[in-house]
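Visitor: Let me begin by handing over the structure; questions about it come next.
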Amino acid sequence: MITYKDIKLAINSKLISKFNIEVNSNDVKEGFSRPSFFVSLDNINPSATVDQVEKSLTIRINYFPTDKDNFSLELLDIQEQLEDLFNLKLEVLDRLINIDEVNALTTDGVLEFSFDISFYDGKEEIDYPLMHELEYEKG
């Protein structure tokens, strides 16, 4: 079963191995070094049936460039590298999850790169004790 934590750790691992740049927690609001990434999961929408759960969500990767005043070329370069890194599939544990609709937006000198994923996951099986003998009376 894939957890949201597994997804975030997989993304952080890919970012660190590709860029060797710090990935910060979203709890950090100030005092972080540049350049750096922030990763968040958004629009989480689980939907369950008896046997499985469909999970859909948006992954948001915010990139804070090295220089907060001179950043346009750096952001274009990072955007292209992120597009290559998160092209078609996201590997989480032993699964490959399709990546849908990649978007990039620059606001106030920060690149927001986002994409949607959705996947089905089995529910954990519960071992209920088996019934041994059933007695009933015809009424």
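Visitor: Against the condition closer than 27 Å to TYR120 by Cα and modelled with pLDDT of 95 or more, how does ILE78 come out, does it pass?
Guide: No.
Visitor: Residue check, LEU85 against (1) more than 28 Å from LYS29 (Cβ to Cβ); (2) touching a Leu at 6+ places or on another chain (Cβ under 8 Å), all met but one. Which one?
Guide: Among (1) more than 28 Å from LYS29 (Cβ to Cβ); (2) touching a Leu at 6+ places or on another chain (Cβ under 8 Å), the lone unmet condition for LEU85 is (1).
Visitor: Now, a different point. For ASP51, which of the numbered conditions (1) closer than 22 Å to SER25 by Cα; (2) touching a residue at least 40 places away in the same chain (Cβ under 8 Å) fails to hold?
Guide: The single condition ASP51 does not satisfy is (1).
Visitor: Quick one: PHE38 ticks every box in (1) surrounded by 11 or more Cβ atoms within 10 Å (Cβ to Cβ); (2) part of a helix (DSSP H, G or I) bar one, so which box is it?
Guide: The single condition PHE38 does not satisfy is (2).
Visitor: Test each condition in (1) closer than 20 Å to SER118 by Cα; (2) exposed (fewer than 12 other Cβ atoms within 10 Å of the Cβ); (3) modelled with pLDDT of 95 or more for LEU73 and report the one that comes out false.
Guide: Going through (1) closer than 20 Å to SER118 by Cα; (2) exposed (fewer than 12 other Cβ atoms within 10 Å of the Cβ); (3) modelled with pLDDT of 95 or more one by one, LEU73 breaks only (1).
Visitor: Please find, among LEU9, LEU15, LEU57, the residue that is aliphatic (A, V, I, L, M), closer than 13 Å to LEU90 by Cβ and surrounded by fewer than 16 Cβ atoms within 10 Å (Cβ to Cβ).
Guide: It is LEU9.
Visitor: A further question on this structure: For region 1-24, give me each residue that is in contact (Cβ under 8 Å) with a residue 12 or more places away in the chain and either basic (Lys, Arg) or assigned to a loop (DSSP other than H, G, I, E, B) (or both).
Guide: Matches in region 1-24: MET1, ILE2, LYS8, LYS14, LYS18, ILE21.
Visitor: Can you find a residue in region 89-101 that is over 21 Å from MET1 (Cβ atoms) and either in contact with a strand residue (DSSP E or B) (Cβ under 7 Å, 6 or more places away or on another chain) or crowded, with 17+ Cβ neighbours inside 10 Å (or both)?
Guide: yes
Visitor: Output the residue which, of all residues in region 76-88 that are without any contact (Cβ under 8 Å) to a residue 60 or more places away in the chain and among the polar types (S, T, N, Q), is surrounded by the most Cβ atoms within 10 Å (Cβ to Cβ).
Guide: Among those that are without any contact (Cβ under 8 Å) to a residue 60 or more places away in the chain and among the polar types (S, T, N, Q), it is GLN79.
Visitor: Further question on the same structure: Would you mention how many residues in region 106-139 are modelled with pLDDT of 90 or more and loosely packed, with under 11 Cβ neighbours inside 10 Å?
Guide: Of the residues in region 106-139, 2 are modelled with pLDDT of 90 or more and loosely packed, with under 11 Cβ neighbours inside 10 Å.
Visitor: Could you tell me how many of the residues in region 26-44 are at pLDDT below 80 and among the acidic types (Asp, Glu)? Let's see the steps before the verdict.
Guide: Initially, region 26-44 is screened for residues at pLDDT below 80, giving 26-30.
Right, trim to among the acidic types (Asp, Glu) and you get 27, 30.
Qualifying residue count, region 26-44: 2.
The values are calculated or read from the model by the stated rules, or taken from the named source; none is laboratory data. Computed from a predicted model, the values in this text were never measured in an experiment. Every residue, glycine among them, receives a Cβ derived from its backbone with ideal geometry; neighbour counts consider all protein chains shown.
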